[in-house]
Amino acid sequence: MLRRNLIKAIDFVNGMKKIQRLNYGRLLTYKLKHTLVAQKSKSEIEREIEKLQDLNSFTYRSHTCGELRPVHNGESVTLCGWVQYQRMSKFLLLRDSYGVTQCIVNNDQINFKDIPLESVVKVNGTVSLRPTDMINNKMSTGQIEILIDKLEILNTADKVPFNLRDHQKPKEQLRMQHRYLDIRFPDMQKNLRTRSSILHNMRKFLIETNGFVEVETPTLFCRTPGGAREFVVPTHYPGLFYSLVQSPQQFKQMLMAGGVDRYFQVARCYRDETTRPDRQPEFTQLDIEMSFANLDNIITLIEQLLYTTFPKKLPIPPFNRITYTEAIENYGTDKPDISYDLRLKNVSHLFNNNEKILSAFVLPYPEEIGKLSAKYKDKINELKQKNNVRVILNENISKEVSNDVKCDIKNIVGENKSFILALGDKEKVCTCLGEIRQQLAVLLQSKELILINKSPQPFWIVDFPLFIEGDNGLETCHHPFTAPHPEDLHLLETEPLKVRGLAYDIVMNGNEIGGGSVRVHNADLQEKILQMLNIDASKLMHFMNALRSGCPPHAGIALGIDRLVTIACDADSIRDVIAFPKSHEGKDPLSGAPNIITEDDKKYYHINIV
């Protein structure tokens, strides 16, 4: 047995040496042909070998369909891919995930007249230069073509429901129904590979540079009180259910208690909430937690992580910070898009004599836009009713307020500005104008009346309130495990709505791409906060016991990978960067899920459909 294992080990080592020799020769030949070798040493070339990806290793193709160039002229090659186009049984375009190559029949015995588009074929042939007048500079392989010696059909495609052409893309619903075809589009290929690259680089940054430990935590767990609505999972034990975790929050804090002081995970999370363009019922986040860390420590870590791994150029850290109050008062939202300069102005002091008016804010905009169309007025009316505030358009301002107030507002916003005035509860007024601001920006951009900074501008929102007022008492602004600001601890029992939390969100291009906080690590303080939120601490005894066991101070964050990759890829929706997403209704057009279960399953899981 020992001898046999030794022989296997020797064979493996010899095999690896052979691969290294082949790669060395392959790289050297490639470099020489491209005249890029400038007297490099063997060690320099070997370092380049380590960086070189052989996309054809362990396959029976010799090259990809995006790889061949004039330097390969005369070489015998083997390509595999899908038939994208064919004409007169003499000419076809072969496509794979890396590009397109033109292939020409070089043998009267070969006939591909009846091969349907999107069939998978293997082509053996010789690389040939295209005639000068037939070079296609729009193709990476446009200077060469393959003279086919042999063609083998690997799998014949039935009639596909749509053509894979960018200028003929079908509606999203049909593409999602046949997602396996949609993924073949070059932009989907690019998005998925960009996503993979970002996650790979994040892992390298965290593990290799900063010593973090990747730990997988369960997705089947118990219900988390006080959070988002969770999916329940029935079991064969009568009346007992799991919940799919909305995040690994409790697990990662218990890992801190366990001494895993630098944790991360690319985590799948689940929330049974209304689907939005930037949200899915299941999503991916980069989850991070660190012991003996404060707010500034986590923020600095994430700034360096993003600056190092994000494929687009970001500003040099530190990123800007604004408070929650500044965000609401200037932009009407806690995730503002600052790529354009439209800011709210507080004019409440002009209405001090009117006891019915709590707050007044205006949204200035260029007067060149003129009167708003009926379409925009209808939208503004909807937002006004939704937020229950009074909104006065620029054209009606003289009818609704005194001339003195109008002149004072003009002095504040500027003579060349029109404005929309909103009156009422401060939070609702700012929220309403924030939503109008987004609508107005689209209109101004279409008329080229506003400058848009297209480069990513990440910044932090800090000093969130720890609590907000809900329908049934206090609610948490982030989650119940967020630590209160130490300067506001004295207000916790007397004026809880004035207490700030040690929470932080990072925003980019109007999207919240991450959020976190310093955690409560003291069990008595955690119990008090749960009590204020009317959450039964007995349902979290496992967690409370972890805090009481000598849990160190800790802080963490979760980055939304789907949103982050969407920005990196300039995609229209997070569905464009997820391999198999759910629809805007939270359903799976591909399989039809969610769907019904059998009577036997209902019986086994003790389920009765009401």
Among (1) open to solvent by 60 Å² or more (accessible area, probe 1.4 Å); (2) among the hydrophobic types (A, V, I, L, M, F, W, C); (3) closer than 18 Å to PHE361 by Cβ, which single condition is ILE316 missing? (3)
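Which members of segment 182-205 meet the condition of being open to solvent by less than 50 Å² (accessible area, probe 1.4 Å), in a helix (DSSP H, G or I) and in contact with an Asp or Glu (Cβ under 8 Å, 6 or more places away or on another chain)?
MET188, ASN191
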Hey, PHE459 hits all of (1) closer than 30 Å to THR309 by Cα; (2) buried (at least 19 other Cβ atoms within 10 Å of the Cβ) but one; which does it fall short on? (2)
Subset of segment 216-230 that is out of contact with any Lys or Arg (no Cβ under 8 Å at 6 or more places or on another chain) and buried (at least 17 other Cβ atoms within 10 Å of the Cβ) - its residue that is modelled with the highest pLDDT: PHE221
Can you tell me which residue within segment 400-447, out of those that are among the acidic types (Asp, Glu) and either closer than 25 Å to LEU383 by Cβ or in contact (Cβ under 8 Å) with a residue 60 or more places away in the chain (or both), is surrounded by the most Cβ atoms within 10 Å (Cβ to Cβ)? GLU435
Which numbered condition trips up GLY211, out of (1) open to solvent by less than 70 Å² (accessible area, probe 1.4 Å); (2) in a loop (DSSP other than H, G, I, E, B); (3) over 30 Å from GLN304 (Cβ atoms); (4) touching a residue at least 40 places away in the same chain (Cβ under 8 Å)? (3)
Looking at LYS399, LYS406, LYS377, which is the one that is touching a helix residue (DSSP H, G or I) at 6+ places or on another chain (Cβ under 8 Å), farther than 22 Å from GLU326 by Cα and not aliphatic (A, V, I, L, M)? LYS406
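Tell me which residues, restricted to segment 464-476, are surrounded by fewer than 18 Cβ atoms within 10 Å (Cβ to Cβ) and either part of a loop (DSSP other than H, G, I, E, B) or free of Cβ contacts under 8 Å to residues at least 24 places away in the same chain (or both).
GLY470, ASP471, ASN472
Does ALA327 satisfy the condition of being closer than 30 Å to CYS432 by Cβ, buried (at least 20 other Cβ atoms within 10 Å of the Cβ) and in contact (Cβ under 8 Å) with a residue 24 or more places away in the chain?
Here the answer is yes, as ALA327 does meet what is asked.
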Count, please, the residues in segment 155-181 that happen to be of a type in the set (Asp, Glu) and assigned to a helix (DSSP H, G or I). 2
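Residue-by-condition table, conditions (1) closer than 26 Å to TYR60 by Cβ; (2) in contact (Cβ under 8 Å) with a residue 60 or more places away in the chain; (3) of a type in the set (D, E, K, R):
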| position | (1), (2), (3) |
| --- | --- |
| LEU93 | yes, no, no |
| PRO116 | yes, no, no |
| GLN143 | yes, yes, no |
| LEU151 | yes, no, no |
| LYS159 | no, no, yes |
| LYS169 | no, no, yes |
If you go through LEU94, LEU117, LEU129, the only one that is in contact with a Gly (Cβ under 6 Å, 6 or more places away or on another chain) and at negative phi is LEU94
Listed residues ASN111, ASN106, ASN136; which is without any contact (Cβ under 8 Å) to a residue 60 or more places away in the chain, within 28 Å of ILE183 (Cα to Cα) and either small (Gly, Ala, Ser) or out of contact with any Cys (no Cβ under 7 Å at 6 or more places or on another chain) (or both)? ASN136
How about segment 232-278: which strands (runs of 3 or more DSSP E) wholly inside it have at least 1 residues that are touching a residue at least 24 places away in the same chain (Cβ under 8 Å) and within 21 Å of the chain's Cα centre (by Cα)? 241-244, 262-270
With respect to LEU286, is the statement that it is among the hydrophobic types (A, V, I, L, M, F, W, C), surrounded by 19 or more Cβ atoms within 10 Å (Cβ to Cβ) and within 22 Å of ARG195 (Cα to Cα) true? yes
Answer yes if at least one residue in segment 380-393 is over 22 Å from GLU469 (Cα atoms), of a type in the set (D, E, K, R) and in contact (Cβ under 8 Å) with a residue 40 or more places away in the chain, and no otherwise. no
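Conditions (1) at pLDDT below 95; (2) under 28 Å from LYS138 (Cα atoms), marked per residue:
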residue	(1), (2)
GLY25	yes, no
ILE45	yes, no
ILE49	yes, no
LEU52	yes, yes
LYS90	yes, yes
LEU93	no, yes
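The values are calculated or read from the model by the stated rules, or taken from the named source; none is laboratory data. What you see is a predicted model, and the numbers here were worked out from it, not measured in a lab. Because the Cβ atoms are built from the backbone with ideal geometry, glycine has one as well, and the counts that use them run over all protein chains shown. Ligands, DNA and RNA are excluded from the accessible area calculation, which covers all protein heavy atoms including side chains. Shrake-Rupley method; radii C 1.70, N 1.55, O 1.52, S 1.80 Å.
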